[in-house]
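Here the structure comes first, spelled out in structure tokens, and everything after it is commentary.
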Amino acid sequence: MMSIAETLEGLRDCAIFRSVDAAALKLAVLTGEQLRYYGDEVLFRQDEPGDSVFILLAGRVEVVRQDEDAGEERLIVHLARGDLVGELSLLCNAPRNATVRALEPVTALRIPRQTFLSLLSDRPEIALALCNLLAMRLRRTTEQF
Amino acid sequence: MRAEWPWRRGEDRAGTPGQPGLRGEAVIGQVSLLRFVWVRSWRSQIGILALSALIFPLTYATLELPKTIINDAIGGGPGPRQIGPFTLDQLSWLLVLAGALFLCVLTANLLKWRLNVWIGETGDRLLRSLRVGFLAQILRFPAARLKRERPGDLVQRLMGEVEPLGGFMGGVIATPVFEAGLLLIYAGFVFAQSVWLGLATIAMFPLQAWLVPLLQARIVELNRLRARRARETAEFVSETVEQIGETRVNGASGWRLSEGQGKLRAIGAVREALLRRKYFIKGVNNVLNQLSPVMFYALGGWLVIDGQLEIGSLVAVVAAQREMAGPWKALLTFVQHVYDFGSRFAFASQSFADAELVADERVFGPADAGPLAGPLAGPLVLEIQEAAPGADALSLARAEFAPGSRIAVLGGSDGAAGALMAAAAGLEVPLRGEVSLGGRALESANLAALGAAVGYVGQEPAILSRTLEENLLFGLLSTGRPGQAGDVRTLRDWIDPDAGPEAAEARTALLLDLADGAGLTPDLVRLALGCRLTEEQARLFRPALLSLRGSLQDTMAEAAYRDLVEPWRIGAVNAEASILENLLFCWPDREAADEAALLASPKIARALRRTGAERFLAEIGRELATAFREVVEAAGDGAALQGLEGWRHGDLLMAAELLQRPSRADRRAFAAIGARFVPARDPLIALDMAQTERLLDLRAALRDALDEPGVHFFDTDGVDPSQSLFDGLLGGRRRRSRRVAWDRIDDAVQGALRTEGLERAIATIGLGTRGFAEALSAVARQRIGLVRALAKGPRLLVLDHVFGRAEHARLRDWMMDAAPGAIILYAAVDEAAAEDADMVIRIEATGEAAAHPASGPRRTSG
């Protein structure tokens, strides 16, 4: 298990927590749950209800989506330390739109829905950084087409 | 034979339904408070009146004797008195009279004590009877009313609002009679001494009797307003709690608080007005009461001076006049209370009234007697022209289904299909149409008979706060014997109070078979694994569990299970356990639910203090409190801290507050916080190397201090009944950080139990689990609902949108075997799920439905 200092450092690498004070980060750590995965273990599966977000503190994961037509998985992206995963289904109140699987030993902080929403409403800087992150992703997606 | 229902046994038994000549309507605003009291407690009231009558002559004697003492024994000269055959000198005569007075006073007060206790007991019984009546009303509420009412509001009305009525109701008949009787005795005594003094004594009574009720009328209005506002506030609080999620998401906590403040302020304004009025009345009464003595002393003194009255008589009259104040005040207060409590009673009882109540006989009547009773068996007829109020549109042409048939409901909205299911189960009554079983309309069938015949499984079956076994047996209530309700301890007693251990074993076996068929066994085993064994179970299972533990530990050493269990080792800290557990390295009191309970044990507290472990815990607690303070400040309104594992928001606030006033006395409080610290759960602080070494040293010291028979240390080879079965088998705790792989461990343990032939025995332990509701998945709850429905051998089984396609396919043949001859009606998710049915009811998007034979292969019962 990571020490509190290592966990806070890992959170600081996440774009939405970069400008947040230590107390708020500790709140996220206390209310969250540090989880460890080994290769091939799944953080969450496509179509499951989205009840939390994950911040990757160590290791790499792949985000894959089931291709209904081809009947096989399609790789969407690889993510690593500092990346936020699972926020879309939580914000849209919709099922997970992809499966996230560990490629190697991974440590992640899982923050439940209620806590994450409270953090967003109490800390505008986190909400703003999240907007920024989502806008960047949208822009990247738009540029691909 | 007609069953003996407990409330039919006597006047003071629970009370509402079945009371001869006075059923549930007695408390729904149809009768006055006085009539309710008389009908429910006339025997007690007559007894109380008789006892009151005994006190009256004694009271008169306590007035007459002092007068005789002064006039005759003291003032009547020293000569001897002849009392029957006895001749008494002056002193002896005085002592006899004083003794008689003492006896009268003592007897009168003993009788008053008994009278007050009797009044109190009667009031208590009446209050219970009133509440049972209201509860009976709730049980008879029509479905639409139940959907509308908030449970919190009903609780407030049932418990809070009627509470003050108890004391009043007990004496509502006796109090005025008793107090008026006393008043007449005192007044009669005064009039007997002097008519003028008598008139002076009661001079102000007419004015008070006219004025007080007049002022009281406004108080009654204010009381009604207060009750109405209190109820509105209770509704507001209920709504706030129910909608807390929406409130938080919309950032409306402040607005809600302000709204609540407004409502409380409104109640406060009414209470202020009430207080002003009440004390004004009290003031007026006091002034008028004081006027009487002024006239009394002037007139009485003049009569004595004029020789028309003896001094002894004046002294006795003075005493009587003083005594009169008590009953007169009590009578005036009683008049106030008649208005006040009468309006409360009417307000409360009217709130439980409903014109559409389900018939009393239908709800409470026995299943085997009366016009509505009798078994429901035979074909199911469904015809719905118009669904129940509030349900989605639905119409179904008349269809008849034979016993043993399986009917799938396809299509339509969930609401329309749900309405059909609810109608078929007798839960809802269509506005127009017919639903019958064996030719008997469900609408009018006795509910006990209906409960025995129909099994209904909804998406969220109710879980009672009782053992799992009792939850599974819940459906047998309607078919079982009522038993002796007053002695009921568990539902099992209710079902068959005379059954011996063999019957209990047979019932458990039946339940386990049903649970196994329904797929509930893994959940039972999982719940059992979280339990602590009893000493007897530990002895019984010891060899098997030791063998199982050996093989499991080999399994846990395999690569697939690496890192899943934090083992108990004497030379290491277990990060998944609390610091107190780590220090003690045992759970010395299996009855202690948590660390606080352990700390409350004098033996453990003494050992902790002597070894210095309490100081260590306090240091950890202080460190943790400091970390909590920082987080509490960052958490704003604390919404993010709700639902934290192991800690409530209040615990964190208290910990932060402790830091404001550090003193030696707070060491225990900090130690209590430190004792609960679990390193893997509470990541804000961590044990450093020095603290770890200190903990291990203290562990060794405590081990010496606590080593005695019955204490099992965690790394021993025995079966430790103070640990959960799961921890004992694994030799440690599952790691929280590997929650993703917990299913793997569960499967390994359950597989090993199966292999060893222990699964059923362990599942039996699971039947005794309590407080399991939150540990169950939605599907497991539905399985409980299914077992509950099947345990009573239903003639009709309704499955209202439960189980997925695969689960239903797995269960369908088994259900037919478990309920032979029963009609099974289920909502099918798609055509494939309906292919095994005998009949299909297809509901169109418009709500129009029709039944037709299914086309797929099917299996016959048996």
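The values are calculated or read from the model by the stated rules, or taken from the named source; none is laboratory data. What you see is a predicted model, and the numbers here were worked out from it, not measured in a lab. Cβ sites come from the backbone with ideal geometry, for glycine too, and all protein chains shown count toward neighbours.
Any residue in segment B:349-358 that is surrounded by 18 or more Cβ atoms within 10 Å (Cβ to Cβ), at pLDDT 80 or above and in a helix (DSSP H, G or I)? Yes - at least one qualifying residue is present in segment B:349-358. Restricting attention to segment B:712-744, the residues being under 30 Å from B:R699 (Cβ atoms) and within 14 Å of chain A (Cβ to nearest Cβ) number 9.
Would you confirm whether any residue within segment B:807-815 is surrounded by fewer than 24 Cβ atoms within 10 Å (Cβ to Cβ), part of a strand (DSSP E or B) and touching a strand residue (DSSP E or B) at 6+ places or on another chain (Cβ under 8 Å)? No; the residues of segment B:807-815 include none that is surrounded by fewer than 24 Cβ atoms within 10 Å (Cβ to Cβ), part of a strand (DSSP E or B) and touching a strand residue (DSSP E or B) at 6+ places or on another chain (Cβ under 8 Å).
Segment B:175-259 holds helices (runs of 4 or more DSSP H) entirely within its bounds, and those carrying 3 or more residues that are under 40 Å from the mean Cα position of the chain (by Cα) map to B:205-242, B:244-249. Only one of the numbered conditions (1) assigned to a loop (DSSP other than H, G, I, E, B); (2) more than 26 Å from B:F677 (Cβ to Cβ) is violated by B:S551, and that is (1). Screening B:A655 on (1) within 14 Å of chain A (Cβ to nearest Cβ); (2) farther than 30 Å from B:A528 by Cα; (3) out of contact with any Gly (no Cβ under 8 Å at 6 or more places or on another chain) shows it passes everything except condition (3). Residues in segment A:23-52 that are more than 8 Å from every other protein chain (Cβ to nearest Cβ) and without any contact (Cβ under 8 Å) to a residue 60 or more places away in the chain: A:L25, A:F44, A:R45, A:Q46, A:D47, A:E48, A:P49.
Per-residue answers, yes or no, for (1) touching a Phe, Trp or Tyr at 6+ places or on another chain (Cβ under 8 Å); (2) surrounded by fewer than 24 Cβ atoms within 10 Å (Cβ to Cβ):
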position	(1), (2)
B:A402	no, yes
B:V409	yes, no
B:G439	no, yes
B:V454	no, no
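Within segment B:567-580, take every residue that is crowded, with 21+ Cβ neighbours inside 10 Å and in contact with a Leu (Cβ under 9 Å, 6 or more places away or on another chain) and give me the one that is farthest from B:S722 (Cα to Cα). Out of the qualifying residues, it is B:I579. Within the set B:G785, B:G766, B:G728, the sole residue that is crowded, with 23+ Cβ neighbours inside 10 Å and touching a strand residue (DSSP E or B) at 6+ places or on another chain (Cβ under 6 Å) turns out to be B:G785. Residues of segment A:1-21 that are within 26 Å of B:V573 (Cβ to Cβ) and of a type in the set (A, V, I, L, M, F, W, C): A:M1, A:M2, A:I4, A:A5, A:L8, A:L11. Annotation note: Cβ proximity below 6 Å between a residue of segment B:694-723 that is in contact (Cβ under 8 Å) with a residue 12 or more places away in the chain and a residue that is acidic (D, E) and part of a helix (DSSP H, G or I) (sequence gap 6+ or interchain) occurs for B:P721/B:E535. Answer yes or no: is there a residue in segment B:38-56 that is in contact with a Leu (Cβ under 8 Å, 6 or more places away or on another chain), among the charged types (D, E, K, R) and at pLDDT 80 or above. Looking for residues that are in contact with a Leu (Cβ under 8 Å, 6 or more places away or on another chain), among the charged types (D, E, K, R) and at pLDDT 80 or above, one finds at least one in segment B:38-56, hence yes.
Checking every residue in segment B:563-570 against the condition of being away from chain A (no Cβ under 14 Å), of a type outside the set (G, A, S) and part of a helix (DSSP H, G or I) gives zero matches. Looking across segment A:1-15, the residues that are more than 7 Å from chain B (Cβ to nearest Cβ) and either in contact with a Leu (Cβ under 9 Å, 6 or more places away or on another chain) or closer than 18 Å to A:N132 by Cβ (or both) come down to A:M2, A:E6, A:L8, A:E9, A:G10, A:L11, A:R12, A:D13, A:C14, A:A15.
Matching residues to (1) within 31 Å of the chain's Cα centre (by Cα); (2) more than 14 Å from chain A (Cβ to nearest Cβ):
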residue: B:L580; (1), (2): no, yes
residue: B:L583; (1), (2): no, yes
residue: B:E591; (1), (2): yes, yes
residue: B:A596; (1), (2): yes, yes
residue: B:A605; (1), (2): no, yes
residue: B:F628; (1), (2): no, no
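Looking across B:A320, B:A330, one residue alone is surrounded by 21 or more Cβ atoms within 10 Å (Cβ to Cβ) and assigned to a helix (DSSP H, G or I). It is B:A320. Checking segment B:180-195 against the condition returns a match, with at least one residue being closer than 27 Å to B:G342 by Cβ and buried (at least 19 other Cβ atoms within 10 Å of the Cβ). Those residues that are surrounded by 12 or more Cβ atoms within 10 Å (Cβ to Cβ) and small (G, A, S), I need them from segment B:280-317; list them, please. Scanning segment B:280-317 gives B:S292, B:G300, B:G301, B:G312, B:S313, B:A316.
Of the set (1) surrounded by 13 or more Cβ atoms within 10 Å (Cβ to Cβ); (2) assigned to a helix (DSSP H, G or I), all apply to B:G76 but (2). Scoring A:R18 on the criteria (1) within 12 Å of chain B (Cβ to nearest Cβ); (2) over 30 Å from A:E73 (Cα atoms); (3) touching a residue at least 40 places away in the same chain (Cβ under 8 Å); (4) not β-branched (V, I, T) leaves a single failure, condition (1). Of the candidates B:T122, B:T62, the single residue that is under 28 Å from B:R43 (Cα atoms) and β-branched (V, I, T) is B:T122.
For A:D51, the criteria (1) loosely packed, with under 14 Cβ neighbours inside 10 Å; (2) more than 19 Å from A:L133 (Cβ to Cβ) hold in every case but one, which is (1).
In the condition set (1) within 12 Å of chain A (Cβ to nearest Cβ); (2) buried (at least 22 other Cβ atoms within 10 Å of the Cβ); (3) part of a loop (DSSP other than H, G, I, E, B); (4) of a type outside the set (S, T, N, Q), B:P679 is compliant with all but (2).
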